[in-house]
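Here's the structure we're looking at; comments come further down.
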Amino acid sequence: MTRPATDSSRPAATPPAGTAPRRTPAKPPPVRWWERPWILPLALFSAAFLLFAVPPYLSLDPADSRLPVPESPSWYFPALVVHVFGGALITLLVILQVWPWLRTRHPAVHRWSGRVYVLAGLPLVGVPAVLVAPFGEAGASAQISGLVWAALWSAFTVLGYVMARRRRFAAHREWMLRSFALVYGIAFNRVLHVLLLVITAPRVDTVHGGDFEAMSLDLGAASGFLSWILPLLFVEWWLQYRKPRRRARQR
Ligand code: HEM
């Protein structure tokens, strides 16, 4: 294994007389919670979303499902239920993974919850999402959106895991942030759909002949795509522009 650039376990060598002592780079100051003010709102938003999204599926009765359940294939509803419960688990794990205090103080917890996120998330969330997406009753556009979203989430998650195994931690963080952004697509979708309904409501007569249901279905496809594309763009902006600027300021 290569030795890290600064190895604090070895006594510092005495510099030869007449030369200035070599400076070790200053350790970054510990992250205090008020420097990451988003963690509490994110946790509250996640909890509120789960309290809204999960209860209809606890009865295991297709009649209670928020999504219309197609008659065929017969495994659609079981796969959707697995997806919803798995989704609840990974939503909670994302909070643990992005919580700076936990990451720095308890790295072992970060590693284990990360393993659960990947190894339970892929079979319980990603695979069922790929399976149910082509059978959703919200139309072809929503089906395509769901399929691409599920495939991207699975790919980003696998890439994040592979990078961690190869100890390429900068790349690991980037892929995992993309994966986390896509997890929030589902919660963002609910907010966005309502927002689009409010914005376009004045056009319900001219565009949809006064049929509010048709307008809602139509907007479902737009909010479906936007709900994972916008969080992904936000993460790309943060990785490309925000983070390098903050690092430069710290230096
Ligand atoms: C990680 C990325 C995720 C992807 C790619 C994904 C994809 C999908 C797809 C394709 C559907 C079916 C839509 C349809 O048939 O029209 C769906 C439904 C659903 N997903 Fe996810 N999902 C993800 C994360 C989550 C998470 C984290 C939760 C949290 C509980 C969740 C909860 C649900 C629920 C509750 C439904 C049924 C719709 C409803 O009751 O409103 N999903 N998801």
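The values are calculated or read from the model by the stated rules, or taken from the named source; none is laboratory data. Computed from a predicted structure; not experimentally measured. Backbone-built Cβ (ideal geometry, glycine too); neighbour counts: all protein chains shown.
Assorted remarks:
- The range 186-226: number of residues that are over 30 Å from Leu89 (Cα atoms), touching a helix residue (DSSP H, G or I) at 6+ places or on another chain (Cβ under 8 Å) and among the β-branched types (Val, Ile, Thr): 3
- Among the residues of the range 102-118, those identified as among the aliphatic types (A, V, I, L, M) and under 15 Å from the mean Cα position of the chain (by Cα) are Val116, Val118.
- Residue within the range 163-186 that is within 10 Å of the chain's Cα centre (by Cα), over 17 Å from Glu236 (Cα atoms) and within 14 Å of the ligand (Cβ to nearest atom) present: yes
- Residue count for the range 111-126, restricted to those that are within 9 Å of the ligand (Cβ to nearest atom) and either in contact (Cβ under 8 Å) with a residue 40 or more places away in the chain or farther than 16 Å from Tyr161 by Cβ (or both): 1
- Verdict on Ala108 being farther than 24 Å from Leu58 by Cβ, more than 10 Å from the ligand (Cβ to nearest atom) and in contact with a His (Cβ under 7 Å, 6 or more places away or on another chain): no
- Test: residue in the range 173-188 that is out of contact with any strand residue (DSSP E or B) (no Cβ under 7 Å at 6 or more places or on another chain), free of Cβ contacts under 8 Å to residues at least 24 places away in the same chain and not aromatic (Phe, Trp, Tyr): yes
- So Ala88, is it closer than 30 Å to Arg165 by Cα and in contact with a Leu (Cβ under 6 Å, 6 or more places away or on another chain): yes
- Candidate set: the range 134-152, residues that are within 6 Å of the ligand (Cβ to nearest atom) and over 20 Å from the mean Cα position of the chain (by Cα); chosen: the one farthest from Val118 (Cα to Cα): Ala138
- Helices (runs of 4 or more DSSP H) wholly inside the range 105-219 that include at least 1 residues being more than 24 Å from Ala43 (Cα to Cα) and either modelled with pLDDT of 95 or more or of a type in the set (A, V, I, L, M, F, W, C) (or both): 127-132, 140-165, 169-183, 185-200, 204-208
- Selection from the range 60-85 of residues that are under 19 Å from Ala47 (Cβ atoms) and more than 8 Å from the ligand (Cβ to nearest atom): none
- If you check Ala88, Ala129, Ala53 for being touching a residue at least 60 places away in the same chain (Cβ under 8 Å), near the ligand (Cβ under 8 Å from one of its atoms) and within 26 Å of Leu219 (Cβ to Cβ), only one passes: Ala53.
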